[in-house]
Amino acid sequence: MKQRRQTKKINIGGVEIGGNAPISVQSMCNTDTRDVKATVRQINELTDAGCELIRVAVLDKEAAQAIGAIKKQIKIPIIADIHFDYRLAIEAIEQGVDALRLNPGNIGRREFVEKVTTLAKERQIPIRIGINTGSLEKEVQKLDLTLPEKMVLSAKKHIEILESLDFDLIKVSLKSSNVPTMIEAYELLSKEIDYPLHLGVTEAGTMRGGLIKSAVGIGTLLSEGIGDTIRVSLTENPIEEVYAGFEILKSLNLRKKGINFVSCPTCGRCKYDLIGLAKKVEDKFKNVDKPITLAVMGCPVNGPGEAKNADIGVAGGEGFVYIFKKGEIIAKSPENEVLGTLEKLIEEM
């Protein structure tokens, strides 16, 4: 792991991004923002799962106006995702939004950009410049550059617009569905700016493929010390994005939020339903916010040793499991009683 790149720290609704702040996990609602009740319900479910920032699509004035009502009923900062129409950005700011996802070069005349940035600066509302390979400006696409170089150039053009208006509450993303392209783009830009970077593999796919792409792309950059906030983009319930985000961070020892779950692969030595139990344990305790290592192991060969190294662990026999706590066997339990026993132990820790 390389030392984390030092970036300018910004504040989004009380959540610090960049500098020495923890790398934050965010997601995006898939509800119609105009449906306040549904959007609030989803945001609160995401909050319970650990989400720290939430983005909502602002397609029209009604959606922008809904932000005020939504914000009153949620506990995490809300970011308005806006394309082309500066009036929606102004309305979102008036409604109390905590940040904007907005590319200034895409909203028309400079006077429009000035109106947005003046108000954003006055309210201390950061703007994320979001570059996607699928929506690069035509003049940039024509240049004789590699795709990552084009992405970086596009980002710098948008940054220059904001800086020319004396605005520096900036966060940048350079997303692609192609992992090597995304990695190279972030690596290039990180050498040229000190603004915080939001990492993600866009349009990563469904659960299986999307998780792998995101873990490789986001994980590679984080291991290089690049990245200040992340979103795992999945064609799935957004809650899964949050769980995946924290798992990536925990795998690199960058966050300790929630349980560190360890389980072994199955083999012919296993004499009980390890797969079934592991899934039940992971699901039952997925929202527990304690920095505990919990191991579910299969056989008497590697199981007891690995379980001993965990805060709490189970290792299987035939029709029963041994339960360990801090390296000591404390119980022998039938399979159907394991969840209740583990729940009591976790509550006591």
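The values are calculated or read from the model by the stated rules, or taken from the named source; none is laboratory data. All figures in this text were calculated on a predicted structure; none of them were measured in a lab. Because the Cβ atoms are built from the backbone with ideal geometry, glycine has one as well, and the counts that use them run over all protein chains shown. Note: areas computed on protein heavy atoms with side chains; ligands, DNA, RNA excluded. Shrake-Rupley method; radii C 1.70, N 1.55, O 1.52, S 1.80 Å.
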- [ ] Would you check which residues across the range 20-51 are free of Cβ contacts under 8 Å to residues at least 40 places away in the same chain and closer than 24 Å to Gly227 by Cβ and list them?
- [x] Asn20, Ile43, Thr47
TODO: Identify, by number, the condition in (1) closer than 24 Å to Lys121 by Cα; (2) open to solvent by less than 10 Å² (accessible area, probe 1.4 Å) that Lys61 doesn't meet.
DONE: (2)
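Within the range 174-183, track down each residue that is surrounded by fewer than 24 Cβ atoms within 10 Å (Cβ to Cβ) and either touching a residue at least 24 places away in the same chain (Cβ under 8 Å) or in contact with a strand residue (DSSP E or B) (Cβ under 8 Å, 6 or more places away or on another chain) (or both). Before you say what the answer is, go through the steps one by one.
In the first step, residues of the range 174-183 are kept if they are surrounded by fewer than 24 Cβ atoms within 10 Å (Cβ to Cβ); the result is 177-181, 183.
Result: Ser177, Asn178, Val179, Thr181, Ile183.
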Open item on the list: Criterion first (farther than 16 Å from Leu199 by Cα, of a type outside the set (Asp, Glu) and buried (at least 18 other Cβ atoms within 10 Å of the Cβ)) does Cys29 satisfy it?
Closed with: yes
Open item on the list: If Gly227 satisfies all but one of (1) more than 22 Å from Glu160 (Cβ to Cβ); (2) at pLDDT below 95; (3) within 16 Å of the chain's Cα centre (by Cα), what's the number of the condition it fails?
Closed with: (2)
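Determine, yes or no, whether Thr202 is assigned to a loop (DSSP other than H, G, I, E, B) and either open to solvent by 10 Å² or more (accessible area, probe 1.4 Å) or free of Cβ contacts under 8 Å to residues at least 60 places away in the same chain (or both).
On the way: assigned to a loop (DSSP other than H, G, I, E, B): yes; either open to solvent by 10 Å² or more (accessible area, probe 1.4 Å) or free of Cβ contacts under 8 Å to residues at least 60 places away in the same chain (or both): yes.
Yes; evaluated as a whole, the condition is true for this residue.
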TODO: State which residue pairs qualify: first residue over 21 Å from Gly200 (Cα atoms) and without any contact (Cβ under 8 Å) to a residue 12 or more places away in the chain and inside the range 131-153, second residue open to solvent by less than 70 Å² (accessible area, probe 1.4 Å) and not charged (D, E, K, R) in any location, beta carbons under 7 Å apart, and separation of 6 or more residues or different chains.
DONE: Leu145/Leu153
Open item on the list: I'm trying to understand the selection: among the residues of the range 159-168, which are part of a helix (DSSP H, G or I) and closer than 16 Å to Ala120 by Cα?
Closed with: Ile159, Ile161, Leu162, Glu163, Ser164
TODO: List the number of the failed condition for Tyr186; all other conditions in (1) touching a Gly at 6+ places or on another chain (Cβ under 6 Å); (2) buried (at least 24 other Cβ atoms within 10 Å of the Cβ); (3) not polar (S, T, N, Q) hold.
DONE: (1)
- [ ] For the range 103-114, state whether one or more residues are of a type outside the set (Lys, Arg) and at pLDDT 95 or above.
- [x] no
Open item on the list: Looking at the range 162-173 only, could you name the residues that are within 12 Å of Asn132 (Cα to Cα) and surrounded by fewer than 17 Cβ atoms within 10 Å (Cβ to Cβ)?
Closed with: none
Task: Test: Gln95 is surrounded by fewer than 18 Cβ atoms within 10 Å (Cβ to Cβ), modelled with pLDDT of 95 or more and closer than 19 Å to Ile79 by Cβ - done: no
- [ ] Go through the range 268-296 and give me each residue that's open to solvent by 60 Å² or more (accessible area, probe 1.4 Å), closer than 17 Å to Glu318 by Cβ and outside any helix (DSSP H, G or I).
- [x] Gly268, Arg269, Lys271, Asp273
TODO: Select the strands (runs of 3 or more DSSP E) contained entirely in the range 2-84, then report the ones holding at least 2 residues which are in contact with a helix residue (DSSP H, G or I) (Cβ under 8 Å, 6 or more places away or on another chain) and under 23 Å from Glu236 (Cα atoms).
DONE: 24-28, 53-57, 78-81
Open item on the list: Looking only at residues that are of a type in the set (Lys, Arg) and either open to solvent by 40 Å² or more (accessible area, probe 1.4 Å) or not in a helix (DSSP H, G or I) (or both) in the range 236-267, which one is nearest to Arg41 (Cα to Cα)?
Closed with: Lys257
- [ ] Being open to solvent by less than 80 Å² (accessible area, probe 1.4 Å) and among the polar types (S, T, N, Q) is the filter; apply it to the range 139-161 and report the residue that is farthest from the chain's Cα centre (by Cα).
- [x] Thr146
Open item on the list: Can you list residue pairs whose Cβ atoms sit under 8 Å apart, with the first residue in the range 270-298 being in contact (Cβ under 8 Å) with a residue 60 or more places away in the chain and the second being open to solvent by 90 Å² or more (accessible area, probe 1.4 Å)? Count only pairs 6 or more apart in sequence or on different chains.
Closed with: Tyr272/Glu318; Asn287/Asp48
